[in-house]
Structures are given as C-alpha cells and as structure tokens.
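Chemist: The structure that follows is given in the form of structure tokens.
The values are calculated or read from the model by the stated rules, or taken from the named source; none is laboratory data. Treat the numbers as computed from the prediction; the structure is a model and nothing was measured. Here Cβ is always computed from backbone atoms with ideal geometry, including for glycine, and neighbour counts include all displayed protein chains.
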Amino acid sequence: MATLSSAKKSYEDAKAEGTRLQEAQWANVIGNMLKKSGKYAEALKWLSIDYNLSVKYLSQNHCLPACQSLGELYLCLEVFQHALLFQKKHLQLAEDANDLVEQQRANTQLGRTYHEMFLRSEDDHFSVQNARKYFKAAMKLAHIIKESPPTNNCSFLKEYIDAHNNTGMLEFDLDNLEEARKILTKGLEICNEREVVEDDDGRSRLHHNLGNVYMKLRMWDSAREHIDMDILICQRIQHRQGEAKGYINLGELHYRVQNYQEALRCYQKALDLTNLMEGEDALLKQIHQNIGTVKKATEVMNELQKEEQNLKMLTGDKEDARGRSCERHCLLQIIASLDCLIEKSRTTLAWAKLCEFASMKKIIASELDNKQMLIDSFLVIGESYENLREFDKALDWYTRSWKEYQFIGDFEGQALANINIGNVLDHTDNWQGALAAFKESYKLAVRANLPYVQITALENIHYSYMIRFDKAEEARRVKLLAEELKQQRNKELHTENVPEDLCSSSNSRSKCAILVSENIVHRNAASRPIFLSSADKHNRLCQVVSFKIDKDVIHYPMKATAKLSIESMKVELACLYYLGLPVERRSDGILPIIKDIKLGGRVIESLETLEATVSEHMGQVLFDACIGGWNQKRLIKLYTDCCNTLCETPNMKVLMKLYDWEMTDGDVAASGCGLQDFSITPLLNALDAYKEIAMLDLSHNLLGNRTMEKLQKVLSGTTAYGLWLDVHCNLFGPTALLKICECPVLVARLEVLNISENPLTDACASYLLDVLEKCKVLYSLSMERCCITSRTILMVADALDAGSPLDRLCIGYNDIDENALASLLVKLGSLKRFSSLNLNGLKLNKRAVDSLCDLASTLPLYELMLRETGIGMDGASLVTNSLFIRTNEIFKLDLSYCGLTSNFALKLSTNSCMICGIYELNLSGNPIKEEGSNALSSMLLNSKCCLRVLVLEKCELGVTGFLQIIQAASGSLTNSSFEELNLADNVKSLHVADQVGLDDGCKTTCQGEFSFIQKVSTAICRATNLRFLDLSKNGFSKQSAEVFYSASNWVAVGGELIKITQSQPLWHLLSGMGQPTTQILEVMTRSGARGGVYRRNKNEIRNTDLLSELTPKECFQLGDYSDQGPEGVSWLNKMWMNHRPN
C-alpha cells in the first residue's frame, strides 16, 4: 500500500502545481493499481479523472492510455458496451498515431471483449466473428512488431505472448482442443526462448488455460502441473483474482476425478480470496454454487457405493435363482439397480463406472430378451466412451444403437442416436459428417412428431453453421425455426431445465463446465452440440391433474405429448380407477364408463378446453369424471392378476385396448403397445386362462420368435372356430411360421394371417410351404416387406394347388423378379376362390403384365392393388381390359403412382363396363391434370356410374380440375352410392382470378379466390351423398374456411369441418386450420343429426344401433388412425369383425 500512498501523494502534488499532464498520468497509475488489486469501483473513479483531464486539457494522443485502461476495467466489470466504446476509441487513436504496439493492444482487448460476449450468449454469431477478427489482427501485428521492434525500446513480447493466449482461449471455446493446446504451448515456448521472468502474469494465463485444455482432454497429470504453476505465479505477484480462479480450476479437477474433499478445500481457498476483493459477486456466486454441487455429488457417491453392495447381493441371488420361476423377477431387480447406478454415475461424472454398469445392463437385457432395453444400453455405453474421449468406440456403439433402432422402426431412438453420432464426429473434426447426422436426426424427429428432439437437433445444426462453418444466415434461419418450435411447446428445451445442484453431462457435452467451472474461459454450453442419452426419451415434463371418479380421486399426469382426444383420456382414467381399487373390488373386472368430464357443472368438450382450464387454475383444480355405466372385462381382470403374479406393472396401452367394450369377447387387440418377448408374458398368461380368442392383433410391437412359441401354447387350448392372427410390423423371424405349423389348433383354425413387415427372409420358404399346405381354412395371407425374394415366391407357386382355399394374397414391396412373379400368377389362376391380389411396390415389366392379364381373364378379381408398380399407360390399359372379361364389377382398383396420364382417365370415362363396374378407384400420384378431370367429371355424372370411392390425391388437377370434380360430385345425384372423394394436394395456389374464368366480373385476384371458394362451398353443400371429403394440402386459409363455416348444416370444431345431413355426417379435412387432422375422431363424436342430435360416440352407438350404418370403407378410414390412440384401433377392429366375409 506504500506504493499506492506515494502515487496518491504525487497526484496531489501535480494537482497543486496545476500540471495537467502529470495529474492525468498519476491518476492512471493509481487506477491501474487499484484495478489490479480488485478494487474496481475506486479504480473507475481514478481512471475517469485521467480520461476527463486528457479530453479537456491534453492532446488526443494523451487520451490513449485512459481509453486503454477504461476499456480493460469495463471488461473486468462485464459492462461490455462501455468496454467496446473505449476500446474502439483506443484503436482509432492508435491508428491515427500509427502506433503499432497500441494497435495490437487495442485489437487484443476488443477480441477479449467480443470473446466474453460470445461466451455469455446463446447464438451471438456477430461476437464470435469479431473475436476471431480482432484476435487475428492482434496476432498479425505482434508478428510485425517482432520482426521490426519499435525504436523506442518498447517491448513487444508481452503483447506477442498475450496474442497466443487469447487465440488459444478462443480455439478452446470452439472445442478445437488440439489446436488450442498447440497455440498455448507455443506461447510458453516463446516465454522460455525470450527468457521471460518466471513470475509473469502472461505465463500465469498460459498455464491457466493449458490446465483447462488438459482437463478437457482428461490428461490429469498435465492439467495439475499447469494449474499449480498458475496458482504459484499469481501468489507471487499478488494477483488475487487469478489465484482464486486457479483454485476454482483445481477444485474442478478434483471434482472430475471424484476427489470431493480436496475439491471442497480448493473452493474454500478460492472463496477466502474472493471475499478480499470488491465487485466479484458473480465469482462468489459461482464458488458457492460449485461447493453445493460437490456436496450433492458426495451424497450421490455414497448412495452409489451402497447401491453397488445391493447389486452384488442381487447378482448372487441371480445365480441361486437360475432355472427357477423367480429368475426373471431377480433379473428385473438387477436392471432396476443398474438403472439407479447408471444415473448416479452420470451425476458424479464417473464415466468408467457408467461404462461398467451399462455393459452389465446389456448382458442382463440379453438374458431378459428385452430388445428395447438392450439397444438403450448401447446408447449409454456410447455415452460413457464419448465422455472418456474414446471416440472410435463411442461411434461404434452409437452406430450399433442407430442400426438396431432402425431395425425395430424406433424413430425416436434413431433420432437420438444420430445426435450423439454427430457429437462424436464433431469431436473428431468431421464437421460435415456431424452436420449431416444432425440434419438426419431432425428429419426423423419431424417424421415421428417429436418436438423436443426437433429442437435439440436444430440447436446442434445451428451450432454447426455458426461455429464450424461460419454461415450466419443459415444459423439465423435455423435458430428462428428452433425458437418457433419452443414457443409452440410453450416451455424450455429439456436440457436447459437441469437443476442447479446437479452436474449431469448426459444433457449437454459442456454442462459440467457450466455448473462446476463456470468461470474463466469455457462456459458457452448453449451454443455447443447437445448430447442426449436414452434416458431423455422418457424425461418429459408433465403436470398432474386431479379427477374425482365415484368417491375416489385419480391423479392423472398430463404428458407433454398430446393425446388423440378427450375420449382416450376418459378410457385411461377408467383404467387408472380400476387399478386403484382394492383387490376384492377388482374381482369381477368391472370398469366405469366415463360419460362426461365436468367442472362446476360445465361439460369439458375437448382436450384443448381441459388443458386451458388447468392452465387457468395453475393446476389447482378438481374435475368430475361422471360415470355413465359400467363395463365388464374379464380379460382385464385376468391380465392385471397375471401382472401381479409376475411382479409386473400393467401396461396402460394394453389396458386401454382391452377396455374397448365395442370389441366382442373373442376379439383381442394389443397393437402398438410397445410389447416385447418378455413384457407380453402377463397378457399371454391371461389369454391362456381366457380361452375365447377369435381375433388376435399384436401388430406394431417388438415381438420375436419366443412370443410365437408361447402363443403356440396359448392357442392350443382355445375353442375351435375361425382365427384371425395379425402380427405385422414386429421382429418375427422365419421360425415363427414353423411354430404355427407345429400347433394343431392353429393349423385347424387359422383363416387370416398378416405377417407383413417382419424379417422373415428366404429362410422362411419351407415353413411357408407347410403353412399353405396344412392350414386348410387359410384364405388371406399378407407378406409385404418381409425381405423375401424370388426364391421363396417360386417355392410358393410350386406348392399351390387347385384345392387351396386362398382368396387373398399380399406380397408387395419384396425383391421379386419377373420370372418368379409370372410363375406365381399362373398358379394363382388355377385356384377356385382367389379374388384379391396386392402387388404394391413390385416393378412390373411386360412379361409380368401379360401374366397378370392372363390371371385377370381367368379369374374374377374383385380387388387389385398395383401402387408404385410402374405399370404405365399401356400396362394399365391391358390390365383393366382383362379385369372385365370374367366379372362385371371390381370392388377396389389401386393404380396410384403408376405413371398414368389424362388418356387413362379418358379411357375410363368412355368404357361402359368400367363406368358401371368399378366401386373404388385410386389414381393418386398420377399426373391426371385438368384434361383428365374433364373425363372423370363426365364419368361421375354418368347415371350408370357405380363409384363409391375416388382418390385423386396429388394428381396436379389445378384449380379448374379441382372445381370440376367437386361440382361433378355434387351433381352425381343419380349415383347414391358415391361416398368418398379425396382431392388432397392438387391446388398449388388459390390466386385463381387470372388462371380460369371463374367469374368474368372479377377484377382482382382476391375476388377470383373468393368466387372459387364460394363455388366449392356451393358444390359441397349439394353433395348430399358424400360421407368423406379430403381437401387437405390445398392451401385453404382460415379466411377461406369462413365461407364453408357460413354454409348451412356445417359445424366447425377445432380445425375440422363437419357437414350434418339428415342421416349422416360428411367428414371433411382442411389443412392449415390450426388443428391436426387426427382430431377427426373427436369431431365425429361431437357431430349431431337425425332430428336433433345423435353422437357417433361409443356409448350411444350401442343404444341407437348405428353400427349397421357404417360401411367397411368408413370404418377403414378410422382404422388409418390406429397408431394414434385407442379409438382408431377400436373402430378398425369393429370394422374387421362386422364386415369380414362370412
């Protein structure tokens, strides 16, 4: 302090003498001394004196030291705009004076300021660009000064060293660790070459940042060496802030290697030093936060060690239980223990342990035959290797998980794996590959409608564009898209909501840097790639809402993923109510039928209204779920009993499917429930006790051959009448067909088998022949997308004989050549009952077309599906001509995406047989255009036309063609059977005034558009026979839709339109109306007609006997939504059982 006192005395002497230059110089000296000791407020006062004196009384050159000192002080205070103001003035003065040293110093400070601004931002592309620019200029000037030292003996060495330090810092923050290490090491080499004193603050900064680099590289000894040198130098030169930050870094090093007592000791030293300084509130807050983090980690580590002992005990129990009935229960307990250990390992950054536990989970998951659990363990192993910086191994495990997720069709898993693959590629400087992986993740997330993954992928894409490729415009565009998604979800990204006392790097690659060492040079987590683990798939934010049912209160989690409708919520509430009953009250399997959900007597009509009400009351609300009847489901009772016996939690999706009281007692649907070979066991045990099975739908699950073995035993004891078995979209291999043949009951009963989208391969050929030979009542076989080739088809053709009951065959999207297909078609022609053929996705050349024509002229084919076969105009003409040789009617003809033109439509409209004989026609994806619409319109207006369904999606009809078809549909009054019209994606623009003469009086585009909407509205009102009209993807705006709303008999619900006629509703889909089209089910529930109101609600269908009015096609359309909720599946199954052939 004696030096400071003498400086103040010199200042007073200069002030008394009126020597302004010396007065300003001593004020600058005092300010810098105070700044160095951490007394920023007092330093600012003295430096302001220097600046004011220089501006008022001295030349511009004398302002330069004041501007330099104030810029540096404001940077320390993190007042960046003030810092930039003085630093840019400092640079301008230096350039005016042609002072290279001061120019280098000014560029350095500007680079540091922009660097700090970048570190504190999420997406400040401008700051990172400027940091690069000014640091690059500073390094260039330092080289110039080195080659041509100033004549005034001014040392360039300090600036040259600082240039390396600052450039190294920036590379570190851009995650270019090896480049940062080289630059910082070069700085130390320069210090040694130029014999810079050991106790130099430039050396301390280099050691400090090298410590960080080596810590990130997990080179602990090197990191400790440099951190110790940083602390030692700062102690010697009495740089308290530098010493405190050095101890913070040392504390982080101990934290990362789980040496928590030493970490706390280092943080306490840092705290003591910081308390001696002024204006370091942010540093104090950070140290306290780190201390809390370490204490929490200490608790978690103690819990981890206890859980390890529990795991050892369970592992011993597993050996004792092997081969016994309790073995599976023991394995599940081990999995639960491993999941706990995995999470605690993440929290404590114990990556080696994480790898160990994940590897153990992989082994146990294999023993449980749990595919999903096994693949998730791959993802965790990859995570551990990435954090251990063994990137080749990490990439290998991430790639394995991605391939497995792809195999089972898990889009969410694929998206997560791609994000993590991108992270590893970014680590290894494969930036193009990383960006491609992030983009693929985004595409998958969009396809699977996963907003949280979309946002994560977009943030990684933004990082790549901004940091790796310096593409500001692309980065800005991606950021805007991400922000829009966040606003739609109305909540923060999951990874940004980590509690402050946790330090889990599973959420972000640099999350630990944020929470543990958010201090010196590395803390820009928001702009870094975001890491996702398998746990993130299940970590959705949710709000619990309370419902009163009878005398009980049910606490229902409102998950972030939107449900299909309020009806599905009612079903889930009924199941939750049943599960909450005492065992004695569940004995009869009676569940409530929730009729209405009310609040204060007001009926809650939609899920949107309920969510808005919950938000309005901030979750503090109790709804009444009113019971309208009771539903007895013996199978639910059996299923929950079997779950209890096996210590399993009942699968809510299974319960909701079994709850559907419209299903007959013999129909069991459990599609899309996420079932695997192990988790289906309770359901199969329940079915074994239930016995009465006529239809079993296990599609869209993750079931393999073990399930078929168990199913064989279950079905062996069932009663002897026809059986429909749907197991499409699973993981069944070729031996699944063998198990069918080995079961006498299955062989005797099986009528319908759908085994599409399973990896059967050609290995199934011999088993398939057995199925065809032994199953004497099998009339429908579906094998789409089963990876079979011509070899299998040739064997099938050889096995078929005239006595086969086969009526329907589906073999689309397999690798079948023309010879095999021709052989099969010839053999099908010898069958007596065959009438339905699906060849979708098979490429048909001339020989195949000729064989198909021969088949059509031999047998009456009532259904022919040729989507994406490339059959072309000539082929389609030949086939359609042949179809009417043996029959006068075709129930269903699909020629979508076959390359047809308007000439084919003209042929249809002029052929009387086709006009009278086709009931359902799909021409989607063919360029029919306006010319074809003329022909199809005349066909619809023909009094002999028998069309019930016409699908013209994406046929390039344009405005004129679109309107012609609509008007023809409204004018086809003589064809009372015409029920469905699909005109989706045909109008590219509604600005039609200049395109067509819709209204000669129209003078503007808006008038033309309004006239068009009016004409469409009028036509729809007249189309009294239509049940379903799809106008989606045609760009109808909300303003355009108002015209439809104003039409008579229209009801607007959400984003959908329903037209009510005297007997039935018209289902009408419009895009761009603010609501997803999947709400059509809820809309149907709320539509009214028939002299007041009837509701196509499950409850009232039973009472008014409306089921008989539903056509197979009407039910089939509802079945299209079967992957979106229980309603879709229940309606599909209703169609299946009430309209299947006798």
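Chemist: Of the residues that make up region 580-587, is at least one over 27 Å from Ala686 (Cα atoms), surrounded by fewer than 17 Cβ atoms within 10 Å (Cβ to Cβ), at pLDDT below 85 and of a type outside the set (D, E, K, R)?
Modeler: So far as region 580-587 goes, no, none of its residues is over 27 Å from Ala686 (Cα atoms), surrounded by fewer than 17 Cβ atoms within 10 Å (Cβ to Cβ), at pLDDT below 85 and of a type outside the set (D, E, K, R).
Chemist: In this structure, does Ala282 turn out to be in a helix (DSSP H, G or I) and more than 25 Å from Tyr214 (Cα to Cα)?
Modeler: Yes; evaluated as a whole, the condition is true for this residue.
Chemist: For region 684-707, enumerate the residues that are within 18 Å of Glu742 (Cβ to Cβ), part of a helix (DSSP H, G or I) and either without any contact (Cβ under 8 Å) to a residue 24 or more places away in the chain or not hydrophobic (A, V, I, L, M, F, W, C) (or both).
Modeler: If the condition is that a residue be within 18 Å of Glu742 (Cβ to Cβ), part of a helix (DSSP H, G or I) and either without any contact (Cβ under 8 Å) to a residue 24 or more places away in the chain or not hydrophobic (A, V, I, L, M, F, W, C) (or both), then Asp688, Asn705, Arg706, Thr707 are the ones that fit.
Chemist: Let me ask something additional. Within region 861-901, how many residues are farther than 27 Å from Glu930 by Cα, touching a Phe, Trp or Tyr at 6+ places or on another chain (Cβ under 9 Å) and not aliphatic (A, V, I, L, M)?
Modeler: Result for region 861-901: 4.
Chemist: When the residues of region 167-185 are narrowed to those that are of a type in the set (A, V, I, L, M) and under 16 Å from Leu119 (Cα atoms), which ends up farthest from the chain's Cα centre (by Cα)?
Modeler: Met169
Chemist: Next question. Residues that are among the basic types (Lys, Arg) and surrounded by 20 or more Cβ atoms within 10 Å (Cβ to Cβ): which strands (runs of 3 or more DSSP E) entirely in region 738-830 hold 1 or more of them?
Modeler: none
Chemist: Hey, another quick one. Taking region 450-484 as the search range and keeping residues that are outside any helix (DSSP H, G or I) and modelled with pLDDT of 85 or more, which one is farthest from Thr399 (Cα to Cα)?
Modeler: Phe469
Chemist: Please name all residue pairs, on different chains or six or more residues apart, with Cβ atoms under 8 Å, provided the first residue is in region 564-592 and is on the phi > 0 side of the Ramachandran plot and the second residue is part of a helix (DSSP H, G or I).
Modeler: Gly589/Arg634; Gly589/Leu635; Gly589/Ile636; Gly589/Lys637; Gly589/Leu638
Chemist: What number goes with the only condition from (1) of a type in the set (A, V, I, L, M, F, W, C); (2) under 26 Å from Gly925 (Cα atoms); (3) modelled with pLDDT under 85 that Val987 does not pass?
Modeler: Evaluating Val987 over (1) of a type in the set (A, V, I, L, M, F, W, C); (2) under 26 Å from Gly925 (Cα atoms); (3) modelled with pLDDT under 85 leaves (3) as the failure.
Chemist: Out of curiosity, is Lys892 out of contact with any Gly (no Cβ under 9 Å at 6 or more places or on another chain) and more than 21 Å from Leu831 (Cα to Cα)?
Modeler: no
Chemist: So which residues in region 1-43 are under 17 Å from Cys76 (Cβ atoms) and in contact with a Phe, Trp or Tyr (Cβ under 6 Å, 6 or more places away or on another chain)?
Modeler: Matches in region 1-43: Ile30, Gly31.
Chemist: Look through Leu906, Leu900, Leu893 and report the one residue that is of a type in the set (A, V, I, L, M) and farther than 22 Å from Asn840 by Cβ.
Modeler: The conditions single out Leu906.
Chemist: Within region 4-29, can you find the residues that are more than 20 Å from Ala83 (Cβ to Cβ) and in contact (Cβ under 8 Å) with a residue 24 or more places away in the chain?
Modeler: If the condition is that a residue be more than 20 Å from Ala83 (Cβ to Cβ) and in contact (Cβ under 8 Å) with a residue 24 or more places away in the chain, then Leu4, Ala7, Arg20, Leu21, Glu23, Ala24, Gln25 are the ones that fit.
Chemist: Mind listing whichever residues of region 920-943 are touching a strand residue (DSSP E or B) at 6+ places or on another chain (Cβ under 7 Å) and either hydroxyl-bearing (Ser, Thr, Tyr) or under 14 Å from Phe978 (Cβ atoms) (or both)?
Modeler: Hits for region 920-943 are Glu920, Leu921, Ser924.
Chemist: For region 224-249, how many residues are under 17 Å from Asn165 (Cβ atoms) and in contact (Cβ under 8 Å) with a residue 24 or more places away in the chain?
Modeler: Counting residues in region 224-249 that are under 17 Å from Asn165 (Cβ atoms) and in contact (Cβ under 8 Å) with a residue 24 or more places away in the chain gives 12.
Chemist: Scan Tyr114, Tyr160 and give me the residue that is crowded, with 24+ Cβ neighbours inside 10 Å, of a type in the set (Phe, Trp, Tyr) and modelled with pLDDT of 75 or more.
Modeler: Tyr114
Chemist: A follow-up question, please. Identify, by number, the condition in (1) crowded, with 22+ Cβ neighbours inside 10 Å; (2) out of contact with any strand residue (DSSP E or B) (no Cβ under 7 Å at 6 or more places or on another chain) that Ser671 doesn't meet.
Modeler: (2) is the only condition that Ser671 fails.
Chemist: Separate question: Out of (1) more than 30 Å from Asn370 (Cα to Cα); (2) of a type in the set (Asp, Glu); (3) free of Cβ contacts under 8 Å to residues at least 40 places away in the same chain, what's the single condition that is false for Asp339?
Modeler: (1)
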